[in-house]
Amino acid sequence: MKVTFNVECTPEEARAFLGLPDVAPMQQALMAELEQRLRDNIVSMSPEAMVRTWLPASLQNVEQAQKMFWANLQQTMSGIAATTSGAMSAFAERGDKQK
């Protein structure tokens, strides 16, 4: 035998019937506090402060970051050029020996 009960009620009525606490006021208070904290953080975070936060402490401004980037790029490219040059010389020597 199968018995089915359909109960139509709101969530508030179901909580009251089952004896569960009403957490809506607490949730509203927490959400209001969270919203206020988010607003305070957004206001305090200017673009300059965000850049200072994201960049390492040793970098004082964007110019130093650019100089460091270009220096690393130049060092990498000179290393690649030296490796390529050495490989081409070795390849040319092998070709001369095979003739």
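Please treat every number below as a calculation from the coordinates, not as lab data. All of these numbers come straight from a predicted model, not from anything done at the bench. Virtual Cβ from ideal backbone geometry, glycine too; neighbours counted across all protein chains shown.
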Quiz item: HN-Hα J couplings of segment 75-82 from phi, Karplus 6.51/-1.76/1.60, θ = phi - 60°, integer Hz, Gly and Pro as x?
Solution: 5, 5, 5, 5, x, 5, 5, 5
Quiz item: How large is Rg over Rh for the chain, taking Rg from the Cα atoms and Rh as the Kirkwood inverse mean of 1/r across Cα pairs?
Solution: 1.56
Exercise. Can you tell me how much longer the chain between residue 81 and residue 34 gets when fully stretched, taken as 0.36 nm per residue apart minus their C-alpha distance, in nm with one decimal?
Key: 11.4 nm
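In what sequence do 2, 67 fall when counting other Cβ within 10 Å, fewest first?
Starting with the residue having the fewest Cβ neighbours, the order is 2, 67.
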Quiz prompt | Distance between modelled label sites at residue 53 and residue 4, nm, 7 Å Cα→Cβ extension | solution = 5.4 nm
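Suppose the chain between residue 64 and residue 43 were pulled fully straight at 0.36 nm per residue; how much longer would it get relative to their current alpha carbon spacing?
Values: separation 21, 0.36 × 21 = 7.56 nm, distance 2.75 nm.
Full-extension gain reported as 4.8 nm.
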